[in-house]
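The values are calculated or read from the model by the stated rules, or taken from the named source; none is laboratory data. Treat the numbers as computed from the prediction; the structure is a model and nothing was measured. With ideal geometry, Cβ positions are generated from the backbone for all residues, glycine too; neighbour counts draw on all protein chains shown.
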Amino acid sequence: MRNKYTVLAACAAAMLSTGMNYVWSVLQVPVMGYYAVDPAAASKVFYLFVTFNVIGIFIGGRAFDRLGPRIPVLIGSCLYIAGLFASSFVPKDKFTLLYITYSGLLSFGGGLVYPCTISCAQQWWPDKKGFASGFVLSMLGASTLVLTPAINAIIAGDPERVPYAFSILGMIFSVVLIASYPFIQSPAQLPAAGAAGAEAPGGTAKKREAVKEILKGKTYYMLLFCITVGPIGYFTVNPYAKILGAERGLSESFIVSMIMASGAASAMGRLVFGKLCDNFGARNAASILYCITIGVTLGLSLAGGFWFFMLVIILSFAFGGFAGITPMLAVDYYGSKYIGTVISMLSVAVLISSFASPVIVDMFSAPEGNLTTWNFIICAVLALAGLVVARISRDKRDDRPEDIKMGSGPAL
């Protein structure tokens, strides 16, 4: 039986199963050992993952508005599972194939699932959209908490077990995605999000016009900038979290605890700030997140030991918050009519952020490739710029009708 609780649980389970990008810091060291590659080559898997994931999100969001969630979720789940199993067969001397199987197939498939589960949950919880999207998104953060001990147990310190880990995870996620799929469906009273072929005449043309209206207004570019600069600190630190932790005096057990706690913090950030958006608006929630990010990134330039441990966790909390408010920024500024399309267009910010992070690392890193104080300062400055842009915008959430004209959101 489908009701808003079972749909929310199914969407959350699907999101949890597609969170492999959030455990790359756990996999990176064993992968480096198995394939005999350096940190730079291994980090490219993460950055390419984000790239193809965003492409999948963009296509998935557009598909949701046209077809509803079922078809894109089905295709995305199949690609995701295929990518995991294909990764388990990549030979030791063919490391770059992971760019296709893991960073390509797996991430693109997960991207298709992402906007569909968020938008579907919001449709079933129209009066608590922030809570619904925040809860579903919190599962991405929870994936770190769940998958970190599972991956460590499977690999057991032996890099030779990396392919085995991919295949085991593929089997587990297959079961979860198959079990959750029947419940992921738009409510019957929303015919615009129905099955394939149910789209009203002219619907595709209207969506094209909606995209044009979004691109005409400066609101979109303001939001794109704000969403881009917020997570750059996380994207800069995350691939180096394990390495930095060792350099800053953390033991191996402490580092594992830090990664797991970071996943829990990221999940909590999505849930907390999604709910805050319901009560105070996404713009105000974003302002809080920028302040947290500024303080944390500056602190990470100096912190060691326990304080480094805590600041990485707080940075993950803020990153989760940025992820949690993005769907609500889309709703607050553009309404719900084309929510999948708007989320997919805003997801470009993650792609820009993921590309900007390695550029910042390369420009300001030490000769041996480690992060320097300047890396953290630049991240803080960018977060400050995001705060300024967010504060000078005008929030018209309270006097906005449910589905405002595209492009007519708050102006700078």
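Tabulated values for the structure
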read-out	value
All positions within the stretch 79-123 that are of a type in the set (F, W, Y) and either in a helix (DSSP H, G or I) or within 15 Å of L177 (Cα to Cα) (or both)	Y80, F85, F95, Y99, Y102, F108, Y114
Of all residues making up the stretch 88-103, the number that are under 15 Å from M32 (Cβ atoms) and polar (S, T, N, Q)	1
Selected residue (criterion: nearest to V136 (Cα to Cα)) from residues of the stretch 274-318 that are modelled with pLDDT of 90 or more and aromatic (F, W, Y)	F317
Any chance V342 is over 22 Å from G274 (Cα atoms) and part of a helix (DSSP H, G or I)	no
Unmet criterion (only one of (1) within 18 Å of K242 (Cβ to Cβ); (2) within 20 Å of the chain's Cα centre (by Cα); (3) aliphatic (A, V, I, L, M)) for I292	(1)
Output for the stretch 360-376, where each listed residue is closer than 21 Å to I227 by Cβ and either among the polar types (S, T, N, Q) or modelled with pLDDT of 80 or more (or both)	N375, F376
All positions within the stretch 160-191 that are at pLDDT below 90, surrounded by fewer than 16 Cβ atoms within 10 Å (Cβ to Cβ) and either part of a helix (DSSP H, G or I) or among the polar types (S, T, N, Q) (or both)	Q189, P191
Qualifying residue in the stretch 25-36 (condition: in contact (Cβ under 8 Å) with a residue 60 or more places away in the chain and not in a helix (DSSP H, G or I))	no
Single residue of the stretch 209-265 satisfying the filter (in a helix (DSSP H, G or I) and charged (D, E, K, R)) that is surrounded by the most Cβ atoms within 10 Å (Cβ to Cβ)	K242
Output for the stretch 47-57, where each listed residue is surrounded by fewer than 23 Cβ atoms within 10 Å (Cβ to Cβ) and either outside any helix (DSSP H, G or I) or of a type outside the set (V, I, T) (or both)	Y47, L48
Test: G269 is within 24 Å of M20 (Cα to Cα) and either touching a strand residue (DSSP E or B) at 6+ places or on another chain (Cβ under 7 Å) or in a helix (DSSP H, G or I) (or both)	yes
Among the candidates L106, L79, L112, residue that is surrounded by fewer than 24 Cβ atoms within 10 Å (Cβ to Cβ) and at pLDDT 90 or above	L79
F322 being over 16 Å from the mean Cα position of the chain (by Cα) and among the hydrophobic types (A, V, I, L, M, F, W, C)	no
Test: Y34 is surrounded by fewer than 21 Cβ atoms within 10 Å (Cβ to Cβ), in contact with a helix residue (DSSP H, G or I) (Cβ under 7 Å, 6 or more places away or on another chain) and not aliphatic (A, V, I, L, M)	yes
Hits in the stretch 146-157 - residues which are more than 23 Å from A14 (Cβ to Cβ) and assigned to a helix (DSSP H, G or I)	N152, A153, I155
Which listed residue is out of contact with any strand residue (DSSP E or B) (no Cβ under 7 Å at 6 or more places or on another chain) and more than 30 Å from D38 (Cα to Cα), from L74, L79, L106	L74
Every pair of residues 6+ apart whose Cβ atoms lie under 8 Å, when the first sits in the stretch 370-383 and is more than 18 Å from S43 (Cα to Cα) while the second is hydroxyl-bearing (S, T, Y) and surrounded by fewer than 19 Cβ atoms within 10 Å (Cβ to Cβ)	T373/S301; F376/S301; I377/S301
Any hit, the stretch 125-145, residues being of a type in the set (D, E, K, R), surrounded by fewer than 22 Cβ atoms within 10 Å (Cβ to Cβ), in a helix (DSSP H, G or I) and out of contact with any strand residue (DSSP E or B) (no Cβ under 8 Å at 6 or more places or on another chain)	no
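Results for (1) surrounded by 22 or more Cβ atoms within 10 Å (Cβ to Cβ); (2) touching a helix residue (DSSP H, G or I) at 6+ places or on another chain (Cβ under 6 Å); (3) touching a residue at least 24 places away in the same chain (Cβ under 8 Å); (4) not β-branched (V, I, T), shown as yes or no for each residue.
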| residue | (1), (2), (3), (4) |
| --- | --- |
| S316 | yes, yes, yes, yes |
| A323 | yes, yes, yes, yes |
| L329 | yes, yes, yes, yes |
| Y334 | yes, yes, yes, yes |
| I343 | yes, yes, yes, no |
| F355 | no, no, yes, yes |
